[in-house]
Amino acid sequence: METKNNTAVLLAAGSGSRLSGALADKVLWPLAGKAVVRWSADAFAAAMVVGRIIVTYRDAAQLSRLEHLLAGLPLPLAYVRGGAQRHDSVRLALESPGISDGLTFIHDAARPLIRAETLRTLLRTAERAGSAVLAHRVTDTIKESPAAGVPERATFREPPREHLWAMETPQVFSTEAIQRAYRALDTPVTDDAAAAQRAGIPLTLVENPRPNPKLTRPADIPWLEFLAAHG
């Protein structure tokens, strides 16, 4: 498959509400001297797995900063204004004029430490199997609560740990298939694999042996700085 027909969608429009004001904009934050969003963009450029990148943005002020921080990237860039929630932003990017047939990599820009070699592994898997979802095994013991919140004197379900995977991004699908999945979506999803499964698209997981954390809370910052400094 010609990689020039593949697209990366970098989701940068999120509000970062769980950072409690610790950062003005997590994807613009300088990680080891480079903006978080630029780390992912550079990884895609180095991997040579896509022919273009579509970046979702929140507002005009953020767009201006993104254009500055991503200047000089050796890949064509297009910008699409995102929606109220993640799945809205994905749908808008998937329906934008800048997308074409081939494969689409959907990646949260707040995961800056994705590696070029991982992207190439995802490409090979998606070309063979039709999808490729980056994930890691769950090592903690998980207990499923019978209700939301923090229950007391409850009985918990314990799913077998060996069956549990934590989803990451990128998640890769044929463009036509994931477009169809999002057009049919009638309730929110938190990742693209969920949208795909609702549309009957089987998933192929790619186990990630390396840390690929998402900048979500203030406590994530020292860990990301350590990983960025130590390769």
Starting at 0 and stepping by 10 Å, how many percent of the alpha carbon pairs of the stretch 137-184 end up in each bin? 20, 27, 27, 22, 3
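Output the relative contact order of the chain, whole-number percent, from Cα pairs under 8 angstrom with separation of 6+ residues. Please report the intermediate quantities before stating the final value.
Values: 420 pairs, mean separation 55.9, N = 231.
Dividing the mean separation by the residue count of the chain yields 24 percent.
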DSSP bridge orientation in the chain - percent antiparallel, rounded to nearest 5: 40
Name the chymotrypsin sites (Phe, Trp or Tyr not before Pro) in the stretch 92-185 that are in a loop by DSSP and that have at most 15 other C-beta atoms within 10 Å, would you? Phe156
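Report the local net charge at Ala13: Lys and Arg +1, Asp and Glu -1, summed over other residues whose C-beta lies under 13 Å from its C-beta.
+2
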Which three lengths, in whole Å and largest first, does the stretch 141-231 cover when its Cα atoms are put on their principal axes? 44, 40, 26
How far is it, in nm, from the label point at Glu152 to the one at Gln85 when both lie 7 Å from their Cα along the line to the Cβ? 3.2
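Which number comes out as Rg/Rh for the stretch 34-128 once both Rg and the Kirkwood Rh are worked out on C-alpha atoms? Numbers along the way, then the final one.
Working: Rg = 13.0 Å, Rh = 13.9 Å.
So for the stretch 34-128, dividing Rg by the Kirkwood Rh gives 0.94.
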Restricting to lysines and to Cα separations under 28 Å from Lys34, and discarding same-chain partners fewer than 8 apart, the set is Lys4, Lys26, Lys214
Counting Lys and Arg as +1 and Asp and Glu as -1, what is the net charge of the other residues whose Cβ lies under 10 Å from the Cβ of Thr141? 0
Please work out, to two decimal places, the log10 of the ratio I(q)/I(0) at q = 0.13 Å⁻¹ from a Debye calculation in which every Cα of the chain carries one identical scatterer. -0.78
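Each reported figure results from applying straightforward, stated rules to the coordinates on display, with no laboratory input. Model, not experiment: these values are computed from the prediction. When we count neighbours, we look across all protein chains shown, and the Cβ atoms used for this are built from the backbone with ideal geometry, even at glycine.
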